[in-house]
Number of protein chains: 2
Amino acid sequence: MGSRPSLAQVAALSGVSVKTASRALSGEGYVAVETKARVQSAADELGYRLNRTARELRRGGNTSTLVGLLSGDLANPFYSRLASGLERELRMHGLQLITASTDENPEWEGRLTDSLLERRVRGLVVASTMAEHGHLAAERRHGSPFVFVDRPPVNLTADAVLLDNRGGAKRAAEHLLERGHRRIGIVGDLSRLSTHQDRVEGFAEAMEAAGIADWREYLLEDAHDVDKAERAVLALLARDPAPTAVFTTNNRITTGALRALRQGGGGRDTALIGFDELDLGDVLGVTVIAHDPEEMGRHAARLLLSRLDGDEGPARRVVLPTRLVERSTTAPR
Amino acid sequence: MGSRPSLAQVAALSGVSVKTASRALSGEGYVAVETKARVQSAADELGYRLNRTARELRRGGNTSTLVGLLSGDLANPFYSRLASGLERELRMHGLQLITASTDENPEWEGRLTDSLLERRVRGLVVASTMAEHGHLAAERRHGSPFVFVDRPPVNLTADAVLLDNRGGAKRAAEHLLERGHRRIGIVGDLSRLSTHQDRVEGFAEAMEAAGIADWREYLLEDAHDVDKAERAVLALLARDPAPTAVFTTNNRITTGALRALRQGGGGRDTALIGFDELDLGDVLGVTVIAHDPEEMGRHAARLLLSRLDGDEGPARRVVLPTRLVERSTTAPR
DNA sequence: ATGAAAGCGCTAACAC
DNA sequence: GTGTTAGCGCTTTCAT
């Protein structure tokens with residue numbers, strides 16, 4: 001329970017000055033071998049451990065080896081895989097990840113952002129749920145790089161790693177249209193999210209190109225969790241006429257849809273395509289628009305690292321591709 | 001890109017002393033309303049932000065509001081859900097989570113532990129992959145509480161939150177035995193992990209109670225990833241005589257087994273039960289031994305918080321229950 | 001090869 | 001209500 005020994009105590013015990021102890025332990029050189037050994041054993045005896053925050057305060061004053069990640073919720077595999085890819089890449093460069101979940105609450109995101117900046121994180125990766133990011137412009141001038149992931153910054157110029165949401169959703173709709181479907185339901189997440197809007201747009205583009213003007217009749221939004229999604233899909237199936245196919249715009253909604261469809265009834269024949277790969281998508285035979293969340297994390301890390309390395313070039317925007325993985329839920333019957 | 005303004009600069013700009021500026025901004029009171037406003041606007045103008053590490057250095061000297069989590073890999077839903085539950089609970093008490101993945105590499109775990117302790121985390125939650133933890137005894141004396149999750153500490157007395165691995169695995173075996181199975185395959189993770197060993201033991205207990213002495217014939221271990229698990233299950237199915245049922249001892253292995261069984265052949269008739277719930281377990285109809293990783297995270301947080309609160313009582317060990325969720329992969333045929 | 005003094009950004013303690 | 005001084009644990013600078 002006692003407080004930790006400081007360098008001064010190690011120095012006292014080994015009979016040298018604080019600076020010599022510092023030199024000995026940080027391997028800075030210019031210390032006699034014998035002195036170094038004495039300091040080392042004093043440190044071991046006391047259980048000394050460097051105070052990295054004190055070192056950082058003295059050194060740069062202003063930065064640590066911490067990188068912050070703000071995202072919705074780690075329990076969502078999309079975010080946790082993103083975090084995993086990010087962390088792996090950062091670690092290779094001596095940086096450590098500090099995570100904070102916003103639960104898609106803009107107010108919390110603001111507070112958590114402040115808190116991470118106060119901790120002097122070296123940079124920030126954020127899957128933002130805020131409508132607007134102008135307030136961060138001042139921060140950028142003080143040298144904290146931001147990398148936006150999944151959703152682009154608004155009113156702010158910053159690096160971003162995004163998905164080809166529009167193209168992926170368009171491909172999904174086209175795939176269903178090619179299979180002969182005309183009444184296609186679409187169930188989406190929170191309508192305020194840009195990812196949602198882009199996916200709906202891509203879907204709309206394909207539908208309208210196919211001459212289907214009333215696709216909105218089968219659009220249901222704001223299904224943010226699995227239960228809501230399940231209910232939304234059930235509601236869609238209960239329509240008359242019912243859609244013959246459903247496009248779900250993210251992994252949780254697809255999960256809800258699978259639960260709804262499993263309940264049999266007319267549902268069994270309904271075709272399904274989902275945005276995001278699923279853990280057991282292949283076993284279940286779910287057709288999806290797949291992409292790689294880990295890769296998004298790695299890209300974000302690389303952008304951040306290049307900024308930390310002094311890259312002052314214009315903001316970059318990486319758009320990662322999606323691909324159609326055709327499985328049995330859209331097989332011809 | 002410039003460095004951040006310090007309190008001294010804010011003080012200078014508003015024409016007060018550093019301490020007054022400190023008081024004004026930290027809301028400590030005893031500041032004239034007018035002064036406070038002047039300081040505040042100077043801070044805004046400069047884009048001032050508190051340096052929390054400096055504050056912490058001055059305050060307690062030795063601790064921050066950070067809690068470290070060491071676990072295998074966030075991409076594994078077990079760990080990410082654990083992290084999610086932990087973070088939520090910590091956040092309610094003003095603490096923030098800093099995560100580090102060990103990839104089940106003991107050496108890295110050691111380095112990452114050091115690194116987190118140097119950062120003066122307030123406490124450490126660890127799903128350890130090390131064989132032994134005696135080296136941490138000295139740390140405990142310096143007041144950094146450790147909470148072990150999923151796997152117990154060895155040669156160290158510390159709080160732990162564990163699963164009823166033995167009971168869950170025994171229940172799994174019993175369930176298969178009740179269904180009339182006698183040749184039951186069991187595929188496990190890294191054999192050095194205590195969770196693995198406990199699960200095998202529970203399984204063995206049920207098998208031997210049923211008079212099946214040669215169950216080891218169908219034991220395959222060290223299937224640490226999905227691919228290895230898939231191959232292990234295929235190998236099991238190719239035996240003559242083949243097992244009529246398989247018990248997979250964690251979520252990744254179950255995933256691999258599902259892939260193997262899907263490939264048809266004799267596999268289609270093989271019964272399956274897995275340890276850990278799966279995201280789409282209900283849709284797939286996989287019988288599992290389920291438990292709640294988020295709950296494990298919350299428990300760990302509560303244990304840690306009570307230690308931070310001054311609880312000096314003996315080490316506690318929480319064992320969370322598992323439950324059998326019966327679905328179609330073990331349905332009678 | 002070693003040490004003394006100063007200071008990173010902040011706050012506790014004690015003035016005034 | 002406000003300022004001064006000292007110091008958290010460490011490293012930089014400059015001596016010796």
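The values are calculated or read from the model by the stated rules, or taken from the named source; none is laboratory data. This one's a predicted model, so the numbers in the text were calculated from it and none came from an experiment. When we count neighbours, we look across all protein chains shown, and the Cβ atoms used for this are built from the backbone with ideal geometry, even at glycine.
State whether the residues of region A:156-174 include one that is touching a residue at least 24 places away in the same chain (Cβ under 8 Å), buried (at least 20 other Cβ atoms within 10 Å of the Cβ) and within 11 Å of chain B (Cβ to nearest Cβ).
no
When B:Asp114 is evaluated against the numbered criteria (1) away from chain A (no Cβ under 11 Å); (2) among the charged types (D, E, K, R); (3) assigned to a helix (DSSP H, G or I), which criterion, by number, is the only one it fails?
(1)
Any chance you could count how many residues in region A:12-26 are among the hydroxyl-bearing types (Ser, Thr, Tyr), within 7 Å of DNA strand D (Cβ to nearest atom) and either in contact with a Lys or Arg (Cβ under 8 Å, 6 or more places away or on another chain) or away from chain B (no Cβ under 14 Å) (or both)?
Number satisfying all stated conditions: 1.
Sort out for me the helices (runs of 4 or more DSSP H) sitting completely within region A:136-213 that have 1 or more residues that are closer than 30 Å to B:Asn51 by Cβ.
Here the list reads A:137-141.
Of the residues A:Leu320, A:Leu308, A:Leu272, A:Leu304, which is farther than 24 Å from A:His175 by Cβ, of a type outside the set (Gly, Ala, Ser) and in contact with a strand residue (DSSP E or B) (Cβ under 6 Å, 6 or more places away or on another chain)?
A:Leu304
How many residues are among the polar types (S, T, N, Q) and crowded, with 18+ Cβ neighbours inside 10 Å if we restrict to region B:33-62?
Final tally of qualifying residues: 3.
Return the total of residues in region B:252-269 being surrounded by fewer than 22 Cβ atoms within 10 Å (Cβ to Cβ) and modelled with pLDDT of 95 or more.
So the answer is 1.
What number of residues in region A:1-11 are more than 9 Å from chain B (Cβ to nearest Cβ) and surrounded by fewer than 16 Cβ atoms within 10 Å (Cβ to Cβ)?
1
Quick one: A:Met130 ticks every box in (1) more than 14 Å from every other protein chain (Cβ to nearest Cβ); (2) touching an Asp or Glu at 6+ places or on another chain (Cβ under 8 Å); (3) crowded, with 24+ Cβ neighbours inside 10 Å bar one, so which box is it?
Result: A:Met130 passes all but (3).
Conditions tested, residue by residue: (1) within 13 Å of DNA strand D (Cβ to nearest atom); (2) at pLDDT 95 or above.
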residue: B:Glu28; (1), (2): yes, no
residue: B:Ala32; (1), (2): yes, no
residue: B:Gly47; (1), (2): no, no
residue: B:Thr63; (1), (2): yes, no
residue: B:Leu69; (1), (2): no, yes
residue: B:Ser84; (1), (2): no, yes
residue: B:Glu87; (1), (2): no, yes
residue: B:Gly94; (1), (2): no, no
residue: B:Glu107; (1), (2): no, yes
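Give the residues of region A:271-288 that are surrounded by fewer than 22 Cβ atoms within 10 Å (Cβ to Cβ) and in contact (Cβ under 8 Å) with a residue 60 or more places away in the chain, sorted by residue number.
A:Asp279
Within region A:295-311, does at least one residue satisfy the condition of being surrounded by 18 or more Cβ atoms within 10 Å (Cβ to Cβ), away from chain B (no Cβ under 14 Å) and within 21 Å of B:Gly285 (Cβ to Cβ)?
Checking region A:295-311: not a single residue is surrounded by 18 or more Cβ atoms within 10 Å (Cβ to Cβ), away from chain B (no Cβ under 14 Å) and within 21 Å of B:Gly285 (Cβ to Cβ).
Pick from region B:83-98 the residues that are at the interface with chain A (Cβ under 9 Å from one of its Cβ atoms) and within 17 Å of B:Ser144 (Cβ to Cβ): which of them is farthest from DNA strand C (Cβ to nearest atom)?
B:Leu97
Between a residue in region B:182-211 that is under 26 Å from B:Asp240 (Cβ atoms) and any residue that is of a type in the set (S, T, N, Q) and surrounded by fewer than 22 Cβ atoms within 10 Å (Cβ to Cβ), which pairs come within a Cβ distance under 8 Å, given they are 6 or more apart or on different chains?
So the pair list comes out as B:Arg182/B:Thr244; B:Arg183/B:Thr244; B:Ile184/B:Thr244; B:Ser191/B:Gln197.
Hey, can you tell me all the residues within region A:64-82 that are more than 30 Å from B:Gly143 (Cα to Cα), facing chain B (nearest Cβ under 7 Å) and surrounded by 19 or more Cβ atoms within 10 Å (Cβ to Cβ)?
Correct list: A:Ala75, A:Pro77, A:Ser80, A:Arg81.
Mind checking which residues of region B:89-111 are assigned to a loop (DSSP other than H, G, I, E, B) and small (Gly, Ala, Ser)?
Hit for region B:89-111 is B:Gly94, nothing else.
Does region B:251-271 contain any residue that is on the phi > 0 side of the Ramachandran plot and more than 10 Å from chain A (Cβ to nearest Cβ)?
Yes: region B:251-271 contains one or more residues that are on the phi > 0 side of the Ramachandran plot and more than 10 Å from chain A (Cβ to nearest Cβ).
For B:Thr53, work out the one condition from (1) away from DNA strand D (no atom under 16 Å from the Cβ); (2) among the hydroxyl-bearing types (Ser, Thr, Tyr); (3) modelled with pLDDT under 95 it doesn't fulfil.
All conditions pass for B:Thr53, except number (1).
How many residues are among the small types (Gly, Ala, Ser), closer than 30 Å to A:Leu116 by Cβ and within 7 Å of chain B (Cβ to nearest Cβ) when one looks only at region A:36-63?
So the answer is 2.
Would you confirm whether or not region B:14-32 contains a residue that is outside any helix (DSSP H, G or I), surrounded by 13 or more Cβ atoms within 10 Å (Cβ to Cβ), in contact (Cβ under 8 Å) with a residue 24 or more places away in the chain and near DNA strand C (Cβ under 8 Å from one of its atoms)?
Within region B:14-32 (the criterion being outside any helix (DSSP H, G or I), surrounded by 13 or more Cβ atoms within 10 Å (Cβ to Cβ), in contact (Cβ under 8 Å) with a residue 24 or more places away in the chain and near DNA strand C (Cβ under 8 Å from one of its atoms)), the answer is no, since none of the residues qualifies.
List the pairs whose first member sits in region A:44-65 and is under 19 Å from A:Arg23 (Cβ atoms), whose second member is more than 6 Å from DNA strand D (Cβ to nearest atom) and among the basic types (Lys, Arg), and whose Cβ atoms are under 8 Å apart, counting only residues at least 6 apart or on separate chains?
Note: pairs meeting the criteria are A:Tyr48/A:Arg4; A:Arg49/A:Arg4; A:Asn51/A:Arg4; A:Asn51/B:Arg120; A:Arg52/B:Arg119; A:Arg52/B:Arg120; A:Glu56/A:Arg120.
Would you point out the residue of region A:33-48, among those that are under 25 Å from B:Ala137 (Cβ atoms) and hydroxyl-bearing (Ser, Thr, Tyr), that is farthest from DNA strand C (Cβ to nearest atom)?
Going through the qualifying residues, I end up with A:Tyr48.
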